[in-house]
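Nothing in this text is a laboratory measurement; each read-out follows from the coordinates by a stated rule. All values derive from a computational prediction rather than experimental measurement. So basically every Cβ, Gly included, is an ideal-geometry build from the backbone, and we count neighbours across all protein chains shown.
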Amino acid sequence: MMALRELLAVAGQPEVLRYWEQLSDDERRLLAAELEPLEPRELRAHCEEAARARARHTAPRDRLMEPLPGEAIGSSIRTEAEILRRWKERGFHEISQNQVAVLLLAGGQGTRLGVPYPKGMYDVGLPSGKTLYQIQAERIRKVQQLAEERVGRQCTVPWYIMTSEFTLEPTQKFFTQHNYFGLVKSNVVMFEQRMLPAVDFNGKIILEQKGRIAMAPDGNGGLYRALTNNKILEDMDRRRIRFVHVYCVDNILVKMADPVFIGFCVEKGADCGAKVVEKAYPTEPVGVVCRVDGIYQVVEYSEVSQETVEQRNTDGRLTFNAGNICNHFFTVEFLKSVTEEFEPQLKPHVAVKKIPHIDEKGNIVKPETPNGIKMEKFVFDVFQFSKKFVVFEVLREDEFSPLKNADNAGSKDTPSTARRALLWQHYRWAVQAGAQFLDHKNNRISPLNQFQEAEEPPAVCEISPLVSCEGEGLEEYLKDREFHSPLLLTEKTVAALG
């Protein structure tokens, strides 16, 4: 007890123990377990910085913003097929040498989605009933298979999954229940990011219960501390990993260890890279990758003026149009330099939230307006430390449809939009491979290829990642054949078709 009081006195947070006498022995042990890992001076700095940061006005950054230079940009859209093929082969070469890993950022809760479990366990309503975790696991298996076919030997793409206190245990149980979705257990490495106390607007730690602090993950930029704390880079060295593809769990269209992206970054000699999509419209509330005073950064929509947001080039495209989708390439050597040298320089960002708490009378309050601050670091804040940074532009309908909100919360980034995006993608693949779809009267359906986000595709078609990663190899099973909707193309069904 004395040690806890001393810790909190140094941190300037003695009020945390104000209900100590009312706690049971178990509650006291749990509260002590939350507090003891916290370094008191670091905790004090965290709370004081949160209060200062909320009060700080962010000045517009327009004057210092510059578009991305042409030499830093690659594109899956505007690049000749032969060059794309070369990048893909280079990427597959690195994968076949067991030098590529994927790293999933999965520490956040499904609060906005309205579920009490990790987002990766969510089923958006596909005909197969697959969850995000299963889709991603099967994409890894397929990439490994394609690389193995090129070199004639077994290849491994390790999957590192950064969880949090909220998501580690349920994620572990989920993978165990599903036998790791066919992956080798030792190649799926789960680790935990730090948790930090939420504070009120005066910089005081919020109690969510009398004996429990309101804690939150330290943002996806907590990756860099977590890599050190969990000895993940040592594990990568042991496996001789050189390149890491980092992404967020909620993107249903993510390409795992994308060989084209990997090959592009490696060929350019990059130590850090980012995939981007063209902004859908000027005021789309996404961060843009650009340079600020010569330094590569992501600038949030709220940090620039309307005039800058709407600025266009002579070709009519937005000047600042490189929308960030949290999909990155890092060399292991770059990650080492970040963890060893640059991580302390990362500035935390303020997230003002509605945080349930205990009032002065000990009653639980669920606020209707924001009452507290969670401090987060962002994974992209390390772009500034890169010696060779590149950007790779991809089509939104091919690679980006995030799952953030419940269906009843609006029409954007919901289970419905994610499901439609995947089904539209698979429908296009099937039509391009020569499939013909029939309606209930056995009439051929007009093969619309135009993606319409707000509409369902003309026919329902879901293709297992174990059959095709990005539409390759489907002609053998689909060309000049007729199918009724829905079509669920699995390893079993293609065996029958073959």
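Write down the radius of gyration of the stretch 312-433 and its Dmax, each obtained from C-alpha positions, in Å.
20.8, 67
How large is the translational diffusion coefficient of the stretch 16-156 in µm² per second when you combine the Kirkwood radius over alpha carbon pairs with Stokes-Einstein at 25 °C and 0.890 mPa s?
My calculation gives 112 µm²/s for D.
Can you tell me the convex hull volume per residue for the stretch 415-497, based on C-alpha atoms, in Å³ to the nearest whole number?
Taking the convex hull of the Cα positions in the stretch 415-497, it is 93 Å³ per residue.
Charges at C-beta only: +1 for Lys and Arg, -1 for Asp and Glu. How large is the resulting dipole of the stretch 415-497 about its Cα centre, in Debye rounded to 20?
I would put it at about 200 debye.
Amide H to amide H under 5 Å from residue 196: which residues, 5+ apart in sequence or cross-chain, H placed 1.01 Å off N in plane?
Amide H neighbours of residue 196: 216, 218.
Quick check: residue separation of residue 482 and residue 408 times 0.36 nm, minus the Cα distance between them. What number comes out in nm? Provide the component values of the computation, followed by the final result.
Working: separation 74, 0.36 × 74 = 26.64 nm, distance 3.64 nm.
Length gained, residue 482 through residue 408: 23.0 nm.
For the stretch 418-438 and the stretch 69-137, what is the separation of their Cα centres, given in Å?
So the separation of the two Cα centres works out to 19 Å.
Could you work out how far apart the two model spin labels at residue 24 and residue 111 are, taking each label as a point 7 Å from the Cα in the direction of the beta carbon, and quote it in nm?
Those two pseudo-labels are separated by 2.7 nm.
Report the extension gain between residue 9 and residue 63 in nm, rounded to one decimal, defined as 0.36 nm multiplied by the number of residues separating them, less their alpha carbon distance.
15.1 nm
Taking amide H positions as placed in the peptide plane 1.01 Å from N, state which residues far from residue 372 in sequence (5 or more) or on other chains have amide H under 5 Å from it.
Residues meeting the criterion, in which the H sits 1.01 Å from N, are 353, 355.
Identify, among 181, 40, 260, the residue whose Cα sits farthest towards the positive end of the charge dipole of the chain, taking +1 on the Cβ of Lys and Arg and -1 on the Cβ of Asp and Glu, with the dipole about the Cα centre.
181
Can you give me the convex hull volume of the Cα atoms of the stretch 104-183, divided per residue and expressed in Å³?
In the stretch 104-183, the Cα convex hull volume per residue is 99 Å³.
How many nm separate the modelled label positions at residue 439 and residue 319, each set 7 Å beyond the Cα in the direction of the Cβ?
Between residue 439 and residue 319, the simple spin-label model gives 4.9 nm.
For an R0 of 25 angstrom, estimate the FRET efficiency from the Cβ-Cβ distance between residue 267 and residue 154 and round to the nearest 0.05.
The value I calculate is 0.50.
Over 22 Å between Cα atoms: which of 130/377; 130/479; 279/377; 88/255; 88/142; 88/387 fall into that group?
Violating the 22 Å Cα-Cα cut-off are 130/377; 130/479; 279/377; 88/387.
Arrange the following residues from fewest to most other Cβ atoms within 10 Å of their Cβ: 424, 429, 20. Working shown, then result.
Details: 424 23, 429 19, 20 15.
Ranking 424, 429, 20 by Cβ neighbours within 10 Å, fewest first, gives 20, 429, 424.
Return, in residue-number order, each cysteine of the chain whose C-beta is not under 4.7 Å from any other cysteine's C-beta.
47, 155, 265, 272, 290, 461, 469
Pull up all non-local amide H partners of residue 189: gap of 5 or more, or a different chain, and H-to-H distance under 5 Å with H placed in the peptide plane.
Under 5 Å from the amide H of residue 189: 159, 160, 161.
Summing -39500 (n - 2.57) over the DSSP H runs of n ≥ 4 in the chain and dividing by its residue number, what mean residue ellipticity at 222 nm do you reach, to the nearest 500 deg cm²/dmol?
Numbers: 15 runs with 150 residues, N = 498.
Calculated at 222 nm, the ellipticity per residue is -9000 deg cm²/dmol.
I need to check one value: relative contact order of the stretch 415-497, counting alpha carbon pairs closer than 8 Å and at least 6 residues apart, in percent.
RCO, the stretch 415-497: 38 percent.
Using the Kirkwood formula over every pair of different C-alpha atoms, what hydrodynamic radius in Å results for the stretch 192-269? Don't skip to the answer; put the middle values down first.
On the way: mean 1/r = 0.0630 Å⁻¹.
In the stretch 192-269 this quantity evaluates to 15.9 Å.
What order do you get for 82, 149, 34 when you list them from fewest to most C-beta neighbours inside 10 Å?
Fewest-to-most ranking of 82, 149, 34: 82, 149, 34.
Kindly write out, for the stretch 250-264 in residue order, the coupling ³J(HN,Hα) from the Karplus curve 6.51 cos²θ - 1.76 cosθ + 1.60 (θ = phi - 60°), rounded to whole Hz, with x marking Gly and Pro.
8, 8, 5, 9, 4, 8, 7, 6, 3, x, 5, 5, 4, x, 4
Place the peptides 312-318, 68-74, 297-303 in order of packing, highest mean first, counting for every residue the other Cβ atoms within 10 Å and averaging per peptide.
Top of the packing list down: 297-303, 68-74, 312-318.
Could you sort 247-257, 43-53 so that the peptide with the highest average Cβ count within 10 Å comes first and the rest follow in order?
Packing order, densest peptide first, comes out as 247-257, 43-53.
Compute the relative contact order of the stretch 210-314 as a whole-number percentage, counting only Cα pairs closer than 8 Å that sit 6 or more residues apart in sequence.
In percent, rounded to a whole number, it is 12.
Full extension from residue 83 to residue 280: what is 0.36 nm times the residue separation minus their Cα-Cα distance, to one decimal in nm?
Going from the current span to full extension adds 68.3 nm.
Calculate one ³J(HN,Hα) per residue across the stretch 28-44 by plugging θ = phi - 60° into the Karplus curve 6.51 cos²θ - 1.76 cosθ + 1.60, and present them in order as whole Hz with x for glycine and proline.
Running phi through 6.51 cos²θ - 1.76 cosθ + 1.60 with θ = phi - 60° gives 5, 5, 5, 5, 4, 5, 6, 7, 4, x, 7, 7, x, 6, 5, 5, 4 Hz.
Rounded to the nearest Å, what's the spacing between the alpha carbon centres of the stretch 183-224 and the stretch 267-327? Just the number, please.
A separation of 29 Å, based on Cα centres.
Taking the Cα centre of the chain as the origin, how large is its charge dipole in debye, to the nearest 20, when only Lys and Arg (+1) and Asp and Glu (-1) carry charge on their Cβ atoms? Please report the intermediate quantities before stating the final value.
Values: 64 positive and 71 negative charges, 67 e Å.
It comes to approximately 320 debye.
Among 484, 357, rank each residue by its count of other Cβ atoms within 10 Å, from fewest to most, as a rough exposure measure.
Exposure proxy ranking, most exposed first: 484, 357.
Taking θ = phi - 60°, what integer Hz values does the Karplus form 6.51 cos²θ - 1.76 cosθ + 1.60 yield along the stretch 301-307, in sequence order, with x for Gly and Pro?
So the J values, rounded to whole Hz, are 4, 6, 9, 10, 7, 4, 4.
Which whole-angstrom value gives the distance between the alpha carbon centres of the stretch 32-50 and the stretch 362-410?
Taking the Cα centre of the stretch 362-410 as reference, the centre of the stretch 32-50 is 24 Å away.
Only one of the values (1) 23.9; (2) 24.5; (3) 22.7 was calculated from this structure for Kirkwood radius over Cα pairs in Å; name its label.
Computed from these coordinates, Kirkwood radius over Cα pairs in Å corresponds to label (2).
What distance in nm lies between label points placed 7 Å from Cα along the C-beta direction at residue 347 and residue 165?
My value for the distance between the label points is 2.8 nm.
Give the percent of DSSP beta bridges with both residues in the chain that are antiparallel, rounded to the nearest 5. Working shown, then result.
Numbers: 38 of 67 bridges.
So the antiparallel bridges amount to about 55 percent of the total.
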